[in-house]
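The values are calculated or read from the model by the stated rules, or taken from the named source; none is laboratory data. These numbers were taken from a predicted model, which means no experiment stands behind them. Using ideal geometry, Cβ is built from the backbone for each residue, glycine included, and neighbour counts are taken over all protein chains shown. For the accessible areas, the whole protein counts, side chains as well, though only heavy atoms, and no ligand, DNA or RNA atoms are used. Shrake-Rupley method; radii C 1.70, N 1.55, O 1.52, S 1.80 Å.
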Amino acid sequence: MHRHIDLAEFETNNRAMVDLALFSSKSCTLRVIDNEDGVNLSDAMRRTNCIAGINGGYFDPNFAPLGLRIIDGKVTSRLTRGRLMSGVLASDNAIHIFRVAEFSLRQKPNAAIECGPFLVDLAKPVRGLEVIRAARRTFAATGSGDRAALGFCSDVTLADLASILATSLGDFKIQRALNLDGGSSSAFWFRRDDGSAFSIPEEKTVRDFVGIVAQ
């Protein structure tokens with residue numbers, strides 16, 4: 001399900017738009033898609049028959065992925081330690097967002113990507129997030145039961161995004177949310193029932209994508 005939310009703060013007149021691809025882990029799973037060839041998100045989603053997707057994790061100036069990446073059960077980039085790299089989005093028979101210290105390869109996920117920072121934990125905004133720089137953002141989130149989402153938000157700070165995700169999404173109550181590569185990397189794509197797509201394209205080539213596929 002695609003959900004578009006237009007938010008406005010009455011006192012400051014600040015606005016933000018959030019797009020969510022909501023899904024159930026009972027019927028869908030995640031796939032990490034390498035983008036060594038440098039195609040755009042829209043083409044990658046259609047080529048891999050995804051229902052929806054966003055850009056993935058960080059990468060260095062040489063276009064090499066940064067942090068853990070597992071594609072089709074195979075580790076293609078190793079876990080790293082860093083201030084921003086605080087979480088792992090992983091998919092097996094369910095969707096998980098782990099703290100790096102909680103994650104183990106013994107869990108044998110079929111797909112995983114390391115990124116950060118953590119935005120929401122225990123259904124509350126994470127404290128101490130950056131409050132100055134507004135940018136486009138993408139994120140993954142898990143809720144109660146089997147509910148999960150991939151999402152995009154228009155220009156906000158990390159602290160503002162954490163607050164939005166913890167308080168402003170109606171019946172989707174987020175328990176954990178993890179920031180993915182943002183700014184000019186941010187992109188969102190959702191395939192409608194009629195085969196057309198809602199798309200917010202990235203502004204530069206990114207190294208990988210996270211897609212939702214039907215089980």
Report task. Collect the residues in region 42-57 that are touching a strand residue (DSSP E or B) at 6+ places or on another chain (Cβ under 9 Å) and open to solvent by 40 Å² or more (accessible area, probe 1.4 Å), keeping them in residue-number order. Result -> Arg46, Arg47, Asn49, Ile51
Report task. With the checklist (1) surrounded by 17 or more Cβ atoms within 10 Å (Cβ to Cβ); (2) without any contact (Cβ under 8 Å) to a residue 24 or more places away in the chain in hand, flag the one item Val39 doesn't pass. Result -> (1)
**Report entry** Failed item, numbered, when Arg69 is tested on (1) charged (D, E, K, R); (2) in contact with a Leu (Cβ under 9 Å, 6 or more places away or on another chain); (3) crowded, with 18+ Cβ neighbours inside 10 Å
**Finding:** (2)
Query raised in the report: Which of the residues spanning region 68-98 are closer than 23 Å to Ile174 by Cβ and over 15 Å from the mean Cα position of the chain (by Cα)?
Result: Arg83, Asp92, Asn93, Ala94
Query raised in the report: Does Met17 satisfy the criteria of being surrounded by fewer than 16 Cβ atoms within 10 Å (Cβ to Cβ) and in contact with a His (Cβ under 8 Å, 6 or more places away or on another chain)?
Result: yes
Query raised in the report: Does at least one position in region 156-179 carry a residue that is in contact with a His (Cβ under 8 Å, 6 or more places away or on another chain) and in contact (Cβ under 8 Å) with a residue 12 or more places away in the chain?
Result: no
Requested in this report: Could you tell me which of the residues Leu22, Leu79, Leu30, Leu41 is within 20 Å of Gly183 (Cβ to Cβ) and not small (Gly, Ala, Ser)?
Outcome: Leu41
